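Note sheet for the following structure.
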Amino acid sequence: MSDLAGSGPEEKYRSLDDGSGLRVAGYVTLAGAFVILSGLLSSIPGWPSAFDFISMSGNFGTIKGAVPSTFLGAGGNGARQGFMFALTLIPGVMLAMGIMAIVEQTGGLKVAKRYLAPLMRPLFGMPGCVSLAMIASMQSTDAGAVLTKVFYEHKEMNDRERLIFTQYEISGSAAINNYLTIAPAVFAALVVPIGIPLLIVIVMKVVGANVTRAILHQVYSDQALSSPN
């Protein structure tokens, strides 16, 4: 049984900084999570693509009829339609939380915090483990959002870091997935390599996050960010 069993969420996550040795399983699950969430497997023909996050999330079947449709139907509106749409987000959220739980239980977060902090701190002012949410948000808005929520609730990010990372997420959300599924319609008209626009989107996401970081540093104190008012 895990030595974290029976502890509360806050104590459980705080124990990731206890300085104990890193387990091999932590490296393996962290690397696996990066590969699954990054979208790298989606372009590989054959069975590897089945382990891509979007592929694992799957698709709803269709209801046979004159016009095939999913359980959402057609012509919905208002709060009821919003509720039905929210139901479609649940599988992706559950999958992301499952991946997160495996990485945490095997020590993958300890690995991320130790080795990715030197990159994440200067670049975004955030702990290394947040890199998981960053990679996830490049392919799935839902996965990035739920991982951000988990990190914040378990004290892996503070209010300031959450605001900075939220800015990164909402600008060009799910950039890789949306670019590769929508942008091909205009690829023929591009006068630059198709990777350049995507690179610009990613660079501007980083710029936007650091603009927010600078504003928070100059204008708001930590006390102001933590105040309920």
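Going through Val130, Val103 one at a time, which residue ends up being at pLDDT 85 or above, surrounded by 20 or more Cβ atoms within 10 Å (Cβ to Cβ) and under 19 Å from Ala174 (Cα atoms)?
Answer to the selection: Val130.
If the condition is being at pLDDT below 50 and part of a helix (DSSP H, G or I), then the range 2-32 contributes Pro9, Glu10, Glu11, Lys12, Tyr13, Arg14, Ser15, Leu16, Asp17.
Note on the range 189-207: among residues that are of a type outside the set (A, V, I, L, M) and either in contact with a helix residue (DSSP H, G or I) (Cβ under 8 Å, 6 or more places away or on another chain) or in contact (Cβ under 8 Å) with a residue 40 or more places away in the chain (or both), the one that is farthest from Met120 (Cα to Cα) is Pro197. Looking only at residues in the range 106-127 that are of a type outside the set (Lys, Arg), within 24 Å of His217 (Cα to Cα) and touching a residue at least 24 places away in the same chain (Cβ under 8 Å), the one that is surrounded by the most Cβ atoms within 10 Å (Cβ to Cβ) is Met126.
In the set (1) exposed (fewer than 15 other Cβ atoms within 10 Å of the Cβ); (2) assigned to a helix (DSSP H, G or I); (3) not basic (Lys, Arg), the condition left unmet by Val35 is number (1).
For the range 38-48, taking the residues that are assigned to a helix (DSSP H, G or I) and loosely packed, with under 14 Cβ neighbours inside 10 Å, the one that is modelled with the highest pLDDT is identified as Trp47. Among the residues of the range 142-156, just one is touching a Pro at 6+ places or on another chain (Cβ under 7 Å) and either at positive phi or crowded, with 20+ Cβ neighbours inside 10 Å (or both), namely Glu156.
Candidates Ile182, Ile176, Ile164, Ile202: the one that is assigned to a helix (DSSP H, G or I), more than 19 Å from the chain's Cα centre (by Cα) and either crowded, with 16+ Cβ neighbours inside 10 Å or on the phi < 0 side of the Ramachandran plot (or both) is Ile182. The lone criterion from (1) surrounded by fewer than 18 Cβ atoms within 10 Å (Cβ to Cβ); (2) under 11 Å from the mean Cα position of the chain (by Cα) left unmet by Ala136 is number (1). Considering the conditions (1) within 14 Å of the chain's Cα centre (by Cα); (2) over 25 Å from Val28 (Cβ atoms); (3) among the hydroxyl-bearing types (Ser, Thr, Tyr), Thr148 is excluded by exactly one of them, (2). For first residues located in the range 147-172 and within 22 Å of Ile102 (Cβ to Cβ) and charged (D, E, K, R), partners that are surrounded by fewer than 18 Cβ atoms within 10 Å (Cβ to Cβ) and modelled with pLDDT under 90 and lie 6+ apart or on another chain with Cβ distances below 8 Å form the pairs Glu153/Pro9; Lys155/Glu10; Lys155/Arg14.
Count of the range 115-155 residues, restricted to those that are of a type outside the set (Lys, Arg) and not in a helix (DSSP H, G or I), is 5.
Only one of the listed residues (Ile90, Ile63) is loosely packed, with under 13 Cβ neighbours inside 10 Å, under 28 Å from Thr148 (Cβ atoms) and without any contact (Cβ under 8 Å) to a residue 24 or more places away in the chain. That residue is Ile90.
Among the residues of the range 71-86, those identified as touching a residue at least 12 places away in the same chain (Cβ under 8 Å) and either touching a Lys or Arg at 6+ places or on another chain (Cβ under 6 Å) or not aromatic (Phe, Trp, Tyr) (or both) are Leu72, Met84.
The values are calculated or read from the model by the stated rules, or taken from the named source; none is laboratory data. Just so it is clear, the model here is predicted, and its values are computed rather than measured. Every residue, glycine as well, gets a Cβ built from its backbone with ideal geometry; the counts of neighbours run over all protein chains shown.
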